[in-house]
1. Using DSSP, restrict attention to beta bridges with both residues in the protein assembly as shown and report what percent are antiparallel, rounded to the nearest 5.
2. Per 0.36 nm of contour for each residue apart, how much would the distance between B:Glu183 and B:Glu250 grow if the chain were fully extended, relative to their Cα-Cα spacing?
3. If R₀ is 22 angstrom, what is the calculated FRET efficiency for the pair A:Met118 and A:Lys26, using the beta carbon separation as r and rounding to 0.05?
4. Got the A:Asp69 label distances to the other copies yet, label 7 Å along Cα→Cβ, in nm, shortest first?
5. Can you work out ³J(HN,Hα) from phi for every residue in the range A:35-46, in order, using Karplus 6.51 cos²θ - 1.76 cosθ + 1.60 and θ = phi - 60°, giving whole Hz and x for Gly and Pro?
6. For chain B, build the charge dipole from Cβ charges (+1 Lys, Arg; -1 Asp, Glu) around the Cα centre, then report which of B:Leu172, B:Gly230, B:Ala4 sits farthest towards its positive end.
7. For a test of the definition: using alpha carbon positions, the gyration tensor, and the 1.5 limit on a/c, classify the range A:123-279 as rounded, prolate or oblate.
8. Suppose we keep just the alpha-carbon trace of the range A:153-218; what are its Rg and Dmax in angstrom?
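Read the figures in this text as sums done on the coordinates, not as results from a lab. Bear in mind the structure is a predicted one, so any value in this text is a computation, not a measurement. In this analysis, Cβ positions are derived from the backbone assuming ideal geometry, glycine residues included, and neighbour counts consider all displayed protein chains.
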Protein chains: 2
Amino acid sequence: MRIAVDGMGGDNAPAVVVEGVAEALKRLPGVQIALVGNEKAMLPFLKKFHIAKNPQLTVVHTEQVVNMDDPSVAAIRSKKDSSITVAATLVSEGKADAVVSAGHTGAAVTATKIRMKMLPGVDRPAIAIIMPATQGPFILLDAGANIDCKPMHLAQFAVMGEAFARLAFSTLRPRIGLLSVGEEDVKGNDLTKETFKILSDMPLNFIGNVEGNTLFNKAADVVVCDGFVGNVLLKATEGMARASMYWLKEALSKNPIRKTGAILMKSAFRELKEIGDAEEYGGARLLGVNGICVIGHGSSSPRAIRNAIRVAEESVKFGINKNITEAIAEAGISAG
Amino acid sequence: MRIAVDGMGGDNAPAVVVEGVAEALKRLPGVQIALVGNEKAMLPFLKKFHIAKNPQLTVVHTEQVVNMDDPSVAAIRSKKDSSITVAATLVSEGKADAVVSAGHTGAAVTATKIRMKMLPGVDRPAIAIIMPATQGPFILLDAGANIDCKPMHLAQFAVMGEAFARLAFSTLRPRIGLLSVGEEDVKGNDLTKETFKILSDMPLNFIGNVEGNTLFNKAADVVVCDGFVGNVLLKATEGMARASMYWLKEALSKNPIRKTGAILMKSAFRELKEIGDAEEYGGARLLGVNGICVIGHGSSSPRAIRNAIRVAEESVKFGINKNITEAIAEAGISAG
């Protein structure tokens, strides 16, 4: 198995990416990594982390980088030699099985769409995230690949999410929920109301609308929404979790008694932090493209990069795309 | 000052509403309350909480109630004698200064729109919520009054939010942010991209797009979005906060050392809970209608009802509608 890693993607690339790759090489002895990026920029870090001559690693040199503020479609069209485009091309040419990037999300979506193409019957890819809930994690999609969606796109997301949940949660009939502002089918916006009708007629375990306040009790195994709402939701809960930790620390350092209490519970806070730890989940899967693509947070740490590579490896083994293709064909919902 | 309270609104009405009214009467000696609802259903509770003969209280009998699963517009049209419609009518006839309801949100929005009408130049009302952030609270609107919005509606929400922030936070130039999925003006959906252009040309302290992950650091004083996104966001952060408390309790009860630590910090946890305590904020303001309307959560406790009445009283004193009308006229952005 060979995984192409975008060496220039992320706020602290290439340093953080190279360090994450070094960790992954140690933990995944069966995996080959093609590190794509500017050789000169990466070399000092390859040496620093002792992988310059690692037999599992190949460096693929590229000159260009997509910057975080580049408009994605234009960047991919004009920068044909960018690290993300070259990494996606390796997959499309059969020279790699998966691509991992912590760079510009829109660019990764566009590059994989153009280079790797879509799975048969899928019109748009969706970013699927595993999120924590009190009764076990759930899958949210789309978390930001498609900002303006049509009902049929959401229906396709539901099918892809179902295929993913079957593998990730080992459940035969994952419960599919539609994110909306009320449980009744009449509640929602034009997009969700139309999607509700389509999902009701499909061979899915569709449980209807789910609301934000029940999400984190695992109201459903798969929660479907458009990429604008999903991205706002993902980032807001991330922000809320960080603010909660800030308030907790503030409250606990107010007096010596509390400080003593806090010391007794140090390990508990660590556990708590791990529950919502996006890094541990190893990035988001881009579902629907013809190949495996894992997208990391721009601020990914080496651990996050390492876990993203692990997720890519698992996804290749899973054979999730075969499942998605079959499920889409069965549902007969291609928007054409 | 006289406040009309929807006695039948909320999951545990009229019991909880009457108890909240009793508490409010004690704390707000200058306020008259018109309790609107079914006299027979409310009487036992009026007696129980010793306010059956309170001189500050008038009971206005109505036969009908809007149920939580009624479609709002149809319910308001067919149930002309419902408690929320009668309460809104009291305001429109000058017999009350404000209306408070913890019932069906859509029905409260529709009833006040129809009975009280809109402020000059405002096309749609918006639900404004005060939310906690690490550097002090911010205002989010619309939190659910308008599910499908046009750019001009969002521009009006920005102006109303600014007027509210001036009064609530005592700042002359509140920072107005547009909720989106990236900071750059090219990031967002069709609605936000068009709204971005309008807001940029308006006499506001518009700071551009804000994202979910910076919201809770008080990225802006006022955050504008459509009612679908705002409602999802509000409920999701509520759900996330509840889940966090669950995980905290779980982690703290795992062994005796942690339990001891937890006891030492009991007061800290109480403080922490209060930060995100929606009940303390006293419900949401419906801005844009010609009169004061405060909407409580369906699951409001007596304390939440009491605080909602306090907020209504403050809003009347504030004279917020005069501010909104002037600001809208100045901005010249009526959608017609």
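1. Rounded to the nearest five, the antiparallel share is 25 percent.
2. Full extension of this stretch gives 20.4 nm more.
3. The pair A:Met118/A:Lys26 has a calculated efficiency of 0.05.
4. 5.3
5. 8, 9, x, 6, 4, 5, 5, 8, 3, x, 7, 4
6. Of the options given, the answer is B:Ala4.
7. prolate
8. So, for the range A:153-218, Rg and Dmax equal 11.7, 33 Å respectively.
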